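Take a look at the structure set out below.
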Amino acid sequence: MSDRFDCGECKESLYGRKYIQVEDVPHCIPCYDRLYANTCQECKELIAHNTRELFYEDRHYHEHCFRCFRCDRSLADEPFTSQEEALLCNDCYRNEFSSKCVACDKTIMPGSKKLEYGGSAWHEDCFVCHGCEKPIGGQSFIPDKDDYYCVPCYEGRFTPRCSHCKKVLATGGVSYKDETWHKECLVCTGCKSPLAGQPFTSQGDTPYCVKCFSSLYTQKCASCNSPITGFGEGKYVSFQDRQWHQPCFKCSHCSVSLVGSGFFPDRDQILCGDCNNDQEDQ
C-alpha cells in the first residue's frame, strides 16, 4: 500500500495532479489560488497562479487590467503615474495634470526635477538668476517683483553697504550724513568708542564723540574753563573773544546771573550794574 499524498487543505489526493507547496505543505491548484492568490485591484477577481501579476503600491493587477485610466492603454511595459489611485500613462497625465515651465513654456514631465514658488513652476535648469543667469537650483534666492536673484547678485545690486568697510549691511545699521554704516564701524575718530545710540558730532566728515570733540575743538568757558558744547545744557553767552555757559555768566563779585541783563566788563571780570557802581564809588 503506497503512502498518501494529499492536498494539505482539501485532503484530496494529488497523485497525477499539479500542486504547489507552501511551507512544505502541498496544495492543489484550486486550494492554492483560493488561499494565497491576490485579488486584482481593477476587476476584483483572483489572480491565478499561472497568470502574470503586476504589483504597484500594495495593489495587485492582472496584466490585462493594468491600464491607463483615461485612454485604456496597457501600462505593463510603459512609464506611468498614479493620480489619486488612478493609473495614468505619461501622455494623459501630462495633458491633465502636468504644469508648464513659466520660463520656457514647455511641459514639466512627470518624474523630472522642477522648482515651485508662488504658484509657478520651472524646470530645474530654467530657474536662473536674473543677474548672473546661472541656475539657482536648491540655493537660497531672493524675489524682486517678477525676477529672482541668487543671494550674491541681490546683495551686489540692492543691499546697502557700509560706508566704512564696504561690506553688505545684512541687518540693522545706522545712518550718518546720508550714508549707512555697521553699528560697529561708526566709531569716534579720537577714542574709537562706538557712536551708535549716543550723541556725537563731526569735524568736517570726521565723526567724534562729545568728549573728544569738546577736548579738541570747542571753546572753553571763561568762568569754569570747561568746553562749551551744543549738547544738553549747551546755551552760552559770547562777548568779544570770550564765551560763557549761561549758568556761568555771573557777576564776578556777587555771582548774580547776568543772562539777559546789562553788565560791565572790568579787565578779566564781568560785573553787574550795582557792583560796577560800588567799584566806581571806591
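The values are calculated or read from the model by the stated rules, or taken from the named source; none is laboratory data. Note that the structure is predicted; figures quoted are calculated from it, not measured. Cβ placement follows ideal geometry from the backbone for every residue including glycine, while neighbour counts extend to all protein chains displayed. With ligands, DNA and RNA removed, areas are computed over all heavy atoms of the protein, side chains included. Shrake-Rupley method; radii C 1.70, N 1.55, O 1.52, S 1.80 Å.
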Under a Cβ-Cβ cut-off of 15 Å, what is the net charge of the residues other than PRO30 that fall near it, where Lys and Arg count +1 and Asp and Glu count -1? -1
Do any trypsin sites (Lys or Arg not before Pro) in the range 138-232 lie in a DSSP loop with no more than 15 other beta carbon atoms within 10 Å, and if so, which? LYS145, LYS166, LYS167, LYS177, LYS183, LYS192
Within the chain: Cβ-based charge dipole about Cα centre, in debye rounded to nearest 20 (Lys, Arg +1; Asp, Glu -1): 800
The range 1-150, convex hull of Cα, quarter of hull surface, nm² -> 13.7
Heavy atoms only, probe 1.4 Å: what % of the accessible area of the chain goes to carbon and sulfur, would you let me know? 46
Among GLU124, GLU12, GLU179, which one moves the most in a GNM of the chain with springs linking Cα atoms closer than 10 Å? GLU12
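Can you work out the FRET efficiency for the pair LEU35 and SER112, with r the C-beta to C-beta distance and R0 = 35 Å, to the nearest 0.05?
The computed FRET efficiency comes out at 0.20.
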So, for the chain, what is the accessible surface per residue at a probe of 1.4 Å, expressed in square angstrom? 66
Only Lys, Arg (+1) and Asp, Glu (-1) charged, at Cβ; the range 98-158 dipole about Cα centre in debye: 160
For CYS71, placing the label point 7 angstrom along Cα-to-beta-carbon and taking the range 88-103, residues whose amide nitrogen sits under 16 Å are 88-98
For the range 257-277 and the range 35-103, what is the centre-to-centre distance using only Cα atoms, to the nearest Å? 109
Net dipole in debye of the range 151-281 [+1 Lys, Arg Cβ; -1 Asp, Glu Cβ; about Cα centre; nearest 20]: 1020
Give me the percent relative contact order of the range 98-158, please, defined on Cα pairs under 8 angstrom at least 6 residues apart. 22
Tail fraction, Cα-Cα pairs, the chain, threshold 30 Å, whole percent: 70
Formal net charge of residues neighbouring PRO194 (Cβ-Cβ distance under 9 Å; K, R +1; D, E -1): +1
DSSP loop chymotrypsin sites (Phe, Trp or Tyr not before Pro) with at most 15 other Cβ within 10 Å excluded, longest remaining stretch of the chain: 16-96
Summing +1 per Lys or Arg and -1 per Asp or Glu among the other residues with Cβ less than 10 Å from THR107's Cβ gives +2
